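What follows is calculated from the coordinates using simple rules that are stated; it is not laboratory data. Because the structure is a prediction, the values reported are computed rather than measured. Cβ atoms come from the backbone with ideal geometry, glycine included; neighbour counts cover every protein chain shown.
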Amino acid sequence: MIRVILPHHLRTLAKVGDEVQLDLNGSATVKSLLDALEERYPMLRGTIRDHGTMKRRPLVRFFACGEDISHESPEIPLPDAVVKGDEPFFVMGAIAGG
Amino acid sequence: MSGVRLLVGTRKGGFVITSDAKRKDWKVDGPHFAGWEIYHMKGSPVDPNRIYGSQTSAWFGQIVQRSDDGGKTWTTPGTSEEDLRGSDGMPKGGASNDFRYDGIPGTHQWYDGTQHPWEFKRVWHLEPALDSPDHLYAGVEDAALFESTDGGKSWSELSGLRQHDTGPRWQPGAGGMCLHTILINPKNPKQIFVAISAAGAFRTDDGGKTWKPINKGLVSNFMPDPKAEVGHCVHRLALHPSKPSTLFMQKHWDVMRSDNGGDSWTEVSGNLPTDFGFPIDVHAHEPETIYVVPIKSDSEHYPLDGKLQVWRSRKGGNEWEVLTNGLPQKDCYVNVLRDAMSVDQLDPCGVYFGTTGGQVYGSSDAGDSWNAIVRDLPAVLSVEAQTLR
């Protein structure tokens with residue numbers, strides 16, 4: 001079971017609480033995690049990744065175990081602590097004023 | 001009992017504001033989608049309880065919202081259980097915000113004159129069609145027109161517009177290269193008028209397959225060729241349903257009118273104190289009565305001398321009268337954006353507009369007097385009035 005923490009605006013959009021829990025079939029990667037997230041909450045499609053290219057939106061970042069993994073390949077395995085649910089996977093909006 | 005519902009989009013959410021037909025006491029419901037930019041909300045003329053909303057964020061992109069109960073509850077179209085499973089059992093849906101340009105997008109002119117790829121950014125305006133609550137159009141940035149025939153679940157581009165020969169010469173205005181106005185001729189719904197900043201006005205006579213620029217008579221002195229076929233910063237178009245061949249335009253500078261469906265335009269700024277501005281609208285029952293909000297200049301987006309004034313012409317332009325009763329006449333430095341004025345269908349006609357200072361003003365006597373319906377919303381991006389009967 002993987003724990004995902006979404007930014008405030010995506011929580012309100014998906015009508016979820018502080019944390020989303022996902023069970024992934026097969027390998028746990030950023031891609032498979034986001035695929036599972038978007039399948040359960042289709043209103044999130046296009047908000048984290050671009051519809052066409054499936055690339056991360058420019059002002060969205062991913063963190064796991066205190067590390068910024070935004071620029072890693074979405075196909076590499078997630079850290080064990082995230083896969084086991086000990087640590088959450090964070091989707092964050094890039095910090096900006098205004 | 002009849003009444004009015006105002007759909008107000010702001011920088012930080014959407015508001016639904018209602019009143020009975022007296023239009024004295026208003027109830028404010030919101031913010032819906034708190035913290036998100038709501039560029040525009042508009043109800044279907046076929047079913048007023050069907051309302052569409054454009055919700056956007058620089059971080060998380062575009063969302064389309066839909067209400068089937070007059071704005072009480074909202075959903076993103078295409079996310080119900082039945083939407084999510086196709087007949088083959090495979091997941092689908094989640095495409096209500098998938099605005100993908102048709103084919104290879106190509107390029108348009110950038111601010112510095114170089115070519116720049118077309119990139120979808122947001123929906124500026126949603127225009128429900130006249131035939132079905134499930135049919136609507138979306139005007140987007142970078143400028144293009146999209147159509148949905150399934151209640152906003154999916155979209156396809158009417159790409160004849162963007163692929164017009166002049167497309168590579170279109171350029172963004174200060175607010176981006178947005179398609180912000182969509183007007184459907186109620187007597188011939190295959191005739192649609194759109195306006196793009198800063199490309200100009202365009203018309204289709206075949207339901208969106210082919211388009212022609214309709215900018216003859218426009219003069220824009222900021223352009224190398226002030227009378228060019230495209231490149232004009234048209235801020236807003238308006239028409240009266242009973243007289244759809246007559247169009248009114250608030251251009252970057254100049255108020256214009258056309259009496260031949262946009263084939264040619266003449267200036268009707270007349271005695272306006274400044275003819276820069278954004279919105280323009282037409283009285284619900286008087287096709288030659290029009291309203292504008294003069295703004296000092298394109299460098300100073302606020303009213304002249306700090307006085308917020310609506311100007312009304314009862315002669316279709318040229319001769320204007322100032323309307324100030326109830327509006328602040330000193331120290332007012334707000335703007336009124338292009339989609340932030342609307343009229344209701346009651347008698348006398350109600351006129352409404354919202355400001356970047358968060359006020360929504362209303363008049364229940366066609367503009368003779370005004371009241372602040374609400375004063376402290378986030379900056380208002382759009383106002384649409386629905387008449388409920």
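Summary of the geometry: segment B:1-22 and segment B:319-386, compared by the centres of their Cα atoms, lie 13 Å apart. Annotation note: GluC sites (Glu not before Pro) in segment B:29-120 located in DSSP loop regions with a Cβ neighbour count of at most 15 within 10 Å are B:Glu119.
With all pairs of different C-alpha atoms in the average, the Kirkwood value for the hydrodynamic radius of segment B:153-218 is 12.5 Å. Seen from all directions on average, chain B presents a Cα convex hull projection of 18.3 nm². Local charge for A:Val91 was computed over the other residues whose Cβ lies under 13 Å away, with Lys and Arg +1 and Asp and Glu -1, and equals +2. Running Debye on the protein assembly as shown with equal point scatterers at the Cα sites and no solvent, what base-10 log of I(q)/I(0) appears at q = 0.07, 0.08, 0.10, 0.13 Å⁻¹? Debye intensities relative to I(0), on a log10 scale: -0.38, -0.49, -0.76, -1.22. Placing unit charges on the Cβ atoms only, positive for Lys and Arg and negative for Asp and Glu, gives chain B a dipole magnitude near 360 debye about its Cα centre.
Within 10 Å of each candidate Cβ there may be at most 11 other Cβ atoms; applying that plus a DSSP loop requirement, which GluC sites (Glu not before Pro) in segment A:36-88 survive? Here the sparse-neighbourhood loop sites are A:Glu75.
Within the shell defined by Cβ-Cβ distances under 13 Å, the residues around B:Thr210 carry a net charge of +2, with Lys and Arg each +1 and Asp and Glu each -1. A simple rule links phi to the HN-Hα coupling: the Karplus curve 6.51 cos²θ - 1.76 cosθ + 1.60 with θ = phi - 60°, which for segment B:274-285 gives 8, 9, 7, x, 10, x, 8, 8, 10, 3, 5, 10 Hz, with x for Gly and Pro. Give the long-range amide H neighbours of B:Leu381: residues separated by 5 or more places, or on another chain, with amide H under 5 Å away, using H modelled in the peptide plane at 1.01 Å from N. Long-range HN contacts for B:Leu381: B:Gly9, B:Thr10, B:Arg11. Taking the centroid of alpha carbons for each part, segment B:156-231 and segment A:32-98 are 39 Å apart. Listed by chain and number, the aspartates and glutamates placed with their C-alpha closer than 15 angstrom to that of A:Lys31 are A:Asp23, A:Glu39, A:Asp50, A:Glu72, A:Glu75; residues fewer than eight positions away on the same chain are left out. Amide H contacts of B:Gly270 (H built 1.01 Å from N, in plane; Pro and chain starts excluded): B:Asn318 sit under 5 Å, all sequence-distant by 5 or more or on other chains.
Computed 3J(HN,Hα) for segment B:288-300, one whole-Hz value per residue from the Karplus formula 6.51 cos²θ - 1.76 cosθ + 1.60 where θ = phi - 60°, is 9, 9, 10, 10, 9, 10, x, 10, 4, 6, 6, 9, 10, glycine and proline marked x. Counting Lys and Arg as +1 and Asp and Glu as -1 over every other residue whose Cβ lies under 12 Å from the Cβ of B:Ser57, the net charge comes to +4.
Counting only DSSP beta bridges whose two residues both lie in chain A, roughly 85 percent are antiparallel.
Suppose every K and R has +1 on its Cβ and every D and E has -1 on its Cβ; what is the size of the dipole of segment A:2-93 about the Cα centre, in Debye to the nearest 20?
Dipole about the Cα centre, nearest 20: 440 debye.
Where the alpha-carbon atoms of segment A:2-93 are placed on the principal axes, they occupy 29, 28, 25 Å, in descending order.
Over segment B:301-389, the hull volume per residue, using the convex hull of the C-alpha atoms, is 104 Å³.
The HN-Hα couplings worked out from phi for segment B:185-197 by the Karplus form 6.51 cos²θ - 1.76 cosθ + 1.60 (θ = phi - 60°) are 5, x, 8, 7, x, 6, 9, 10, 10, 10, 9, 10, 9 Hz, whole numbers, x standing for Gly and Pro. Dividing the Cα radius of gyration of segment B:110-165 by 2.2 N^0.38 Å, with N the residue count, gives 1.29. Per-residue mean of foreign Cβ neighbours for B:35-41 is 1 (Cβ atoms of other chains, 10 Å radius).
Which entries in the list B:Lys12/B:Lys315; A:Lys15/B:Lys121; B:Lys22/B:Lys315; B:Lys42/B:Lys209; B:Lys153/B:Lys190; B:Lys153/B:Lys212 go over 32 Å, if you measure between the two C-alpha atoms of each?
In this structure, B:Lys12/B:Lys315 exceed 32 Å between Cα atoms.
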